[in-house]
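> Mind looking over this structure? Questions follow.
Values in this text are rule-based calculations from the coordinates and carry no lab data. Just so it is clear, the structure is predicted and the values come from calculations on it, not from any experiment. We place every Cβ from the backbone using ideal geometry, glycine too, and count neighbours over all the protein chains shown.
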Amino acid sequence: MSDRPFPSLVAVRRLPNIWDLAAVAFVFGLIIAVVEIARHTWQPISAPEALAVSLDPGNLPNYALRTTMRMFAALAASLAFTFTYATAAAKSRRAGAVMIPILDILQSVPILGFLTFTVVFFMSLFPGRVLGLELAAVFAIFTSQAWNMAFSLYQSLKTVPRDLEEAARAFRLSAWQRFWRLEVPFGMPGLIWNTMMSMSGGWFFVTASEAISVGDNTWKLPGIGSYVALALERRDIVAVAYAIVVMLLVILAYDQLLFRPLVAWSAKFRFETISGAAARDPWMLRLLRRTYLLQMIGDGIANLFFRFSGLRISLWPSHRARERAPSRAGDAAWLTVLLAVIGIALWQIVTYMAAAIGWDDIVQALRLGCYTLARVAILMILATLVWVPIGVWLGLRPVWARRAQPVAQFLAAFPANLLFPPVVLAIVALDLNPDIWLTPLIILGTQWYILFNVIAGAAAFPSDLREAASNFRVQGGLWWRRVILPGIFPYYVTGAITASGGSWNASIVAETAAWGDTKISAHGLGAYIAAATEKGDMARVVLGVAVMSGFVVLFNRLLWRPLYAYATRRLTLD
Amino acid sequence: MDINVTSGELLRVEACRQAYPKESNLELIVLENVNLSLRAGEMVALLGRSGSGKSTLLRIIAGLLKPTAGRVLWRGQPLQGPAEGVAMVFQSFALFPWLTVCENVQLGLEAKGVPRAERERRAEQGIDLIGLGGFENAYPRELSGGMRQRVGFARALVVHPDLLLMDEPFSALDVLTAETLRTDLIDLWSEDKLPIKSVLMVTHNIEEAVLMCDRILVFSSNPGRVVNELRVNLPHPRNRLDPMFRKIVDDIYGLMTRREAPGRPLAPAAPGIATKLHPVGTNLIAGLLETLVGEPYNGRADLPALAETLQLELDELLPLGETLQLLRFAELEEGDIRITPAGRAYVAADIEDRKPLFAAALRANVPLISMIRQVLEERWNHRASAVRFQDELEDYMSPDYAEQTLRTAISWGRFAELFSYDEEAQQFSLEEVS
């Protein structure tokens, strides 16, 4: 422990400053808001004010707060899921063999289609209470956040440096201690980055999940999403504009208040002993570190956490227990059980589906899937043609790259579905062909992943290679072909994978649109799923989602995975 | 000035100056009034410490950078961007990882628009000449460092440049590999097998310069300029143990450790706190002092010999020696290093007693550290932000050096227990300081 400084010094240093006052106001405001919302959720659905949404812009701050609360509730659930699921998958070889492929599929399945059924389930848990609806909305958001976070932690757990692992074992840390002292800190930067990505994905769902209709019943939970839904019904474009502005502010706020500080803070867990060029701390982090009161609270929490994570709990009686060789017989038994479960599940699905749908349904779904595939492919190509040159131009100019990077990230975080109404309005007003003009909406929100990854790639392009190219007077087409395109390719693929996955998901929302009573719809699998959901036709939702998952998985396996493998094998330096 | 192209002069650098504008009205001067000329048939070394601006000069000559003032004449014409007939070999090899050896080598030819058949013929020639036959289809990552640099050489040679620029081409290689590459290159050069007219090489390795070059330009730093020029008239292949060779090496050590002539006008008069500190660890300081006191040096050592024994490059040994000089633990003179009584006292002390000695040396001789300590003592909360010191340093040096200097000050001050430092808050304080 440290030497005790002079008591007088401590007293002086702990005097509250102006920021402490702000901090106190902030903390109490937050507590009151949470309590208020919690009280609301316990109301019965039949209460008149429980589900009333009005277009009065004065309500928007309240709605924004409630929507944000749902986001964070889902985030907490995602973290809990991540820490349990990823850990179990990483620690047990047999569990991992099943859990990781499941995670992989869940990641590519457009969960949006299943919302209807989860609502029914959660409402039956709390009959007649708003809480059931709230939980359904939170669950919808959770399904958009959890998978990549769990993947990130799993990857980290699997790649903990061997020497640290050995050091932890040599000092006889218990499994619990090792988890919190070594494995979680090691996975922290990746986890925080993925959490940030998840938040962006979550916004997309939050707006879609607040206005819930099952069969003939429609409920609107107070929030920005239902505000927009109501504005669309009432054909109120001004209200839509209000919602967009509020949304911008909310995203800006949590980005600045939460994620910038978190990312900067997590840099200390990075496993590189060489310190890179450190960016200056974001203002919020500086504030936290300078505000004595917050620091004291933070120290207290850290202290508690430290004790909790330092407990000598271990699932395994001794450290040698894990070293034993896997037993063949155990593996065989495990495999048999798995095959049996899969067989039963398949049988269930086939019998259920066979009753409701025929071969023409499948053919139709496949045909519509091809339309959506064409849309996604064309848009990916267009977005690539537009954003790669721009991203390279920006990325090679450090001043511009620094400015453009946060803007692109911000745009990626913005729920693009809020921007749909103006476009839909234009299509209706100009009587355009929805099959063509609804298409750009698919990529509206996801193209930014391509942009900011290309910027990152160009900015990271080694300066000695640029000098060599310049020294040998490599210019024009040769420069693009031989120098910069291969250089940014790994980054581009990373961005394109995210963008293409997101586009498939977006098609469910983007291929149909409504403006008051006018409904327009494009031909595609997304519109098919949306229509089936609206009708409550479960078999066709399942079919649509299954076909879409099939397309996404094939797309990933046949195109992106090989490209990614090629990029990492051939195009990276070491 | 006489610009005579017919005398075989390839390159002339006239009154070159490179400066970076700063926020205050001061400029950061990297190169000041650099003049040099290069003729066909010469191999010339630019010898200097790291940070002396010699690599900047090389990039100006390559047309990769534009000088702030002065001009570069290439074959009598002012240089506009990367010139045809100039090729460069990089310290980091700068090979494109996605191109095979053969494609890398052909890159410059492709850029020149050489037809495919001719391109392949010349690439094959270059690859064979430099000893890369059999590796044509390998990717750079499959090659060892030495082989990678051979690709770098082949890539530069196949464009048949009149001038080959080399930026510390051997310093990223291990000792044995570097030596093999040097001798191979010198053999090819002295047998006139290389399709080039002259070579300009940047290096911080004195022996390398003497081993390879006909002319050595000694570069000094702050700001960078040519302070000496030596001719090396020894025939190739040169022998490192030849007394003549040793004498030239010793002379250059002497030149490079000579005290700056007093009264030399230093562009803006920098105050004491702006002394650049080398990132030298306290263990290294103690280690060198202990070595100096012990046998066979008994307090005085010849720098080249010391460098050889300790396996340190000039670039590593000189900053160390200068740090000892700064702390008055040792003195440098004419290529020798001599320990002072203070240095002896430091060696004689045990670990606990060394700290106060080190602290005293720092407070007396490193104005930046004594200033930090003084500010901390005066402040009511005994805390100070590191940013303000960094800003102050940046008025006199580049941000990189300011950061390096501050980091060094932090690590020395921590060791001496003059102050403590909180990395996260970037704050100095007197907590936990006795």
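> May I ask for the net charge around A:S152, where only other residues with Cβ less than 14 Å from the Cβ of A:S152 are counted and Lys, Arg are +1 while Asp, Glu are -1?
Around A:S152, the surrounding residues sum to -1.
> Can you order the peptides A:342-350, B:230-238 by their average number of other Cβ atoms within 10 Å per residue, highest first?
Listed from highest to lowest mean packing, they are B:230-238, A:342-350.
> How about A:K158: which aspartates and glutamates have a C-alpha closer than 20 Å to its C-alpha, ignoring those fewer than 8 places off in the same chain?
Hits, sequence-local ones excluded: A:D104, A:E166, A:E183, A:E272, A:E323.
> Residue-wise, which Karplus ³J(HN,Hα) couplings in Hz belong to region B:102-116, taking 6.51 cos²θ - 1.76 cosθ + 1.60, θ = phi - 60°, and x for glycine or proline?
Working through the residues one at a time gives 5, 5, 4, 5, 7, 4, x, 5, 4, 5, 7, x, 5, x, 3 Hz.
> Please go through region A:522-564 and write out the trypsin sites (Lys or Arg not before Pro) that DSSP classes as loop and that have at most 16 other C-beta atoms within 10 Å.
When the trypsin sites (Lys or Arg not before Pro) of region A:522-564 are filtered for loop state and at most 16 Cβ neighbours within 10 Å, nothing remains.
> Strictly greater than 39 Å: what percent of every Cα pair in chain B meets that?
Of all Cα-Cα distances in chain B, 30 percent exceed 39 Å.
> Could you check the spin-label model distance between B:A360 and A:D537? Points 7 Å from the Cα along Cα→Cβ, value in nm.
9.3
> If you count, for every residue in B:89-101, the Cβ atoms of partner chains within 10 Å of its Cβ, what is the mean?
Per-residue shielding by partner chains comes out at 5.
> Return an integer: the convex hull volume of the alpha-carbon atoms of region A:147-243, in Å³ per residue.
132
> With a 10 Å radius around each residue's Cβ, average the other Cβ atoms per peptide and rank A:364-375, A:145-156, highest first.
A:145-156, A:364-375
> For the protein assembly as shown, what proportion of DSSP beta bridges, expressed in % and rounded to the nearest 5, is antiparallel?
Within the protein assembly as shown, antiparallel bridges account for around 70 percent of the total.
> What spacing in nm lies between the two simple spin-label points modelled at A:Q256 and A:R93, each 7 Å away from Cα in the Cβ direction?
5.2
> Select from B:P78, B:P243, B:P399 the residue whose mean-square fluctuation is largest in a Gaussian network model of chain B (Cα-Cα springs shorter than 10 Å).
Residue with maximal mean-square fluctuation among B:P78, B:P243, B:P399: B:P243.
> Which number comes out as Rg/Rh for region B:273-429 once both Rg and the Kirkwood Rh are worked out on C-alpha atoms?
1.00
> Using a 10 Å cut-off on Cβ to Cβ distances, tally the other chain neighbours for every residue of B:62-72 and report the average as a whole number.
Rounded to a whole number, the mean comes out at 1.
> Sticking with this structure for a sec: Run the paramagnetic zone check for B:S221: 7 angstrom along Cα to Cβ, then residues of region B:45-70 with backbone nitrogen under 17 Å.
B:46-58
> For region B:1-152, count the residues as N, evaluate 2.2 N^0.38 Å, and divide the Cα radius of gyration by that value, please.
So the Cα radius of gyration is 1.25 times the expected 2.2 N^0.38 Å.
> May I pose another question? Set the Förster distance to 51 Å, then compute FRET efficiency between B:T282 and A:F26 from the Cβ-Cβ distance, nearest 0.05.
So the FRET efficiency works out to roughly 0.70.
> Then there's this: Counting each DSSP H run of 4 or more residues in chain A as -39500 (n - 2.57), what helix-only mean residue ellipticity at 222 nm follows after dividing by all residues, to the nearest 500 deg cm²/dmol?
-23000 deg cm²/dmol
> Could you please report the charge total around A:S521, scoring K, R as +1 and D, E as -1 over all other residues with beta-carbon less than 13 angstrom from its beta-carbon?
Net local charge, A:S521 excluded: -2.
> So if I place +1 on the C-beta of Lys and Arg and -1 on the C-beta of Asp and Glu, and nothing else carries charge, what would the dipole magnitude of chain A be about its Cα centre? I want it in debye, nearest 20.
2200
> Using the per-residue mean of other Cβ atoms lying within 10 Å as a proxy for protection, in what order, highest first, do the peptides A:77-90, B:114-127 fall?
The packing order, highest mean first, is A:77-90, B:114-127.
> Rounded if a/c is under 1.5, else prolate if a/b beats b/c, else oblate: with a ≥ b ≥ c from the C-alpha gyration tensor eigenvalues square-rooted, which is chain A?
rounded
> Here's something else I'd like to know. With axes computed from alpha carbons, what is the tilt in degrees of helix B:243-257 against the longest principal axis of chain B, rounded to the nearest 10 within 0 to 90?
Value to nearest ten degrees: 50.
> What do the square roots of 5 times the Cα gyration tensor eigenvalues come to for the protein assembly as shown, in whole Å, largest first, as semi-axes of the equivalent ellipsoid?
That gives 60, 38, 28 Å for the three semi-axes.
> Relative contact order, percent, of chain A when contacts are C-alpha pairs under 8 Å separated by at least 6 residues?
18
> Quick one: compute the contact order of chain B, relative version, from alpha carbon pairs under 8 angstrom and 6+ residues apart, as a percent.
It rounds to 15 percent for chain B.
> Next question, about the same structure. In nm, give the distance between the simple-model label positions of B:V375 and A:Y352, each being 7 Å from the Cα along the Cα-to-Cβ direction.
Modelled inter-label distance: 6.8 nm.
> Right, another one. Once every DSSP H run of n ≥ 4 in chain B is given -39500 (n - 2.57) and the sum is divided by its residues, what mean residue ellipticity at 222 nm do you get, rounded to the nearest 500 deg cm²/dmol?
-13000 deg cm²/dmol
> Using Cα-Cα distances under 8 Å and only pairs 6 or more residues apart, what relative contact order does region B:273-429 have, in percent?
Over region B:273-429, the number comes to 28 percent.
> Okay, next question. For region A:489-558, what log10 I(q)/I(0) values come out of the Debye formula at q = 0.11, 0.23, 0.24 1/Å, with one point per alpha carbon and no solvent?
-0.33, -1.00, -1.04
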